[in-house]
Amino acid sequence: MSIDPHQPVSPYGTPIATAARKPVTLHRLRAMRDAGEKIAMLTAYDATSARLLDDAGSDCVLVGDSLGMVVQGHASTLPVTLEQMVYHTTCVARGNRSSWLVTDLPFGSYQGTVEQAVQSAVMLMQAGAQMVKLEGGGWTTSVVAALVERGIPVCAHLGLTPQSVHALGGYRIQGRDAIAADRLRAHARNLGQAGAAMLVLELVPSDLAAQITADYPGMTIGIGAGCRTHGQVLVLQDMLDFSAGPKPRFVRNFMAGSPSILDAVRTYVRDVKSGVFPDESLHGYSS
């Protein structure tokens, strides 16, 4: 097939349609939720990956503090600094054209005072983020309310919260018993009332994730939480099967049978939106 020399191409040599897709906005994400269209999200830590995800049609790109493990080689996300998140957000923002860009507030950047959290979020927004993500419930409700009041969109994160991995006793499914499930439902309700427009649910039972999703006023994004959330997120390196460390059981190798990384990401987006991914039965981490 010949390629028009005047047609723009991505860094991977694939033609880009002249009429590029419109930027994904918070309003568009809400419309997708209301229409029953699944939201596809993946992580990116650099401009090249961000452009690839954009080309593949990922609705959201997450600059996750998972870069501490995936990029830096740490055993957890805890060593990642705010300055590093600002740097990687700047890189991703340069490569991204139309995906909704979410960035994690790293450990230590919002656990102090509300003023500290606001200042940290402002730095990430100035670097190019369109939404900031923070982990945990309870005490975070007032932080979410303060950020939203100041015009900063927030994504909350419940279930397995990697910044609390030591307190949780490792990478374990959360909310299995009635007391823990009630606590997660209460936290989700409070975070939604505080204005968190998006909520990541990580490693929680599928039925619990479905219950929280049914009541949540915003969008829920699952990771190891079954298929009944409004969308899904994975670490890019995990779904391409070249990450180190324990492989989550809920991750599928999308590179298997794919001729290119771009094709693998397109398959992920397609399978999330069609409901083929994730497999409802898989949770947790393999040994």
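Using modelled backbone amide H atoms (1.01 Å from N, in-plane), which distant-in-sequence or interchain residues come within less than 5 Å of Thr220's amide H?
Under 5 Å from the amide H of Thr220 lie the amide H atoms of Leu199, His230, Gly231, each far enough along the sequence or on another chain.
If I fit a long axis through the Cα atoms of helix 178-194 and take the longest principal axis of the Cα atoms of the chain, what angle between them do I get, 0 to 90°, rounded to 10?
70 degrees
Within a 10 angstrom radius of the beta carbon, how do Phe242, Phe277 rank from fewest other beta carbons to most?
Fewest-to-most Cβ neighbours within 10 Å comes out as Phe242, Phe277.
Extent of the stretch 159-261 along each principal axis, from alpha carbon coordinates, in Å, largest to smallest?
The Cα atoms of the stretch 159-261 stretch 44, 29, 21 Å along the principal axes, largest first.
For Cα pairs less than 8 Å apart in space and 6+ apart in sequence, what is the mean separation divided by the residue count of the chain, i.e. the relative contact order in percent?
17 percent
Ranking request for peptides 218-230, 244-256, 115-127, 135-147: highest mean number of other beta-carbon atoms within 10 Å first, then the rest in descending order.
In decreasing order of mean packing, 218-230, 244-256, 115-127, 135-147 become 218-230, 135-147, 115-127, 244-256.
Size of the stretch 65-135 along its principal axes in angstrom, Cα-based, largest extent first?
33, 31, 18
Starting from the alpha-carbon convex hull of the stretch 56-177, give the projected area averaged over all orientations, in nm².
8.2 nm²
Within the set of other residues whose C-beta is less than 13 Å from the C-beta of Ala20, count the net charge using Lys and Arg as +1 and Asp and Glu as -1.
Numbers: positive: Arg21, Lys22, Arg51, Arg97; negative: Asp54, Asp55.
Cβ neighbours under 13 Å give a net charge of +2.
Net charge around Phe107, counting only other residues with Cβ within less than 14 Å of its Cβ (Lys, Arg = +1; Asp, Glu = -1)?
-3
Could you work out how far helix 26-35 tilts from the main Cα principal axis of the chain, as a 0 to 90 degree angle to the nearest 10?
Computed tilt is about 90 degrees.
How big is D for the chain, in µm² s⁻¹ as a whole number, if Stokes-Einstein is applied with the Kirkwood radius of its Cα pairs at 37 °C and 0.692 mPa s?
Result for D is 173 µm²/s.
If R0 is 22 Å, what FRET efficiency do you get for Asp263 and Ala35 from their C-beta distance, rounded to 0.05?
Plugging the Cβ-Cβ distance into 1/(1 + (r/R0)^6) gives 0.25.
With the crude spin-label approximation of a point 7 Å out along Cα→Cβ, what separation in nm comes out for Thr25 versus Lys247?
4.2 nm
Read-outs: derived from the displayed coordinates by stated rules, not from any lab. This one's a predicted model, so the numbers in the text were calculated from it and none came from an experiment. All Cβ positions, even for glycine, are placed from backbone atoms using ideal geometry, and neighbour counts span all protein chains on display.
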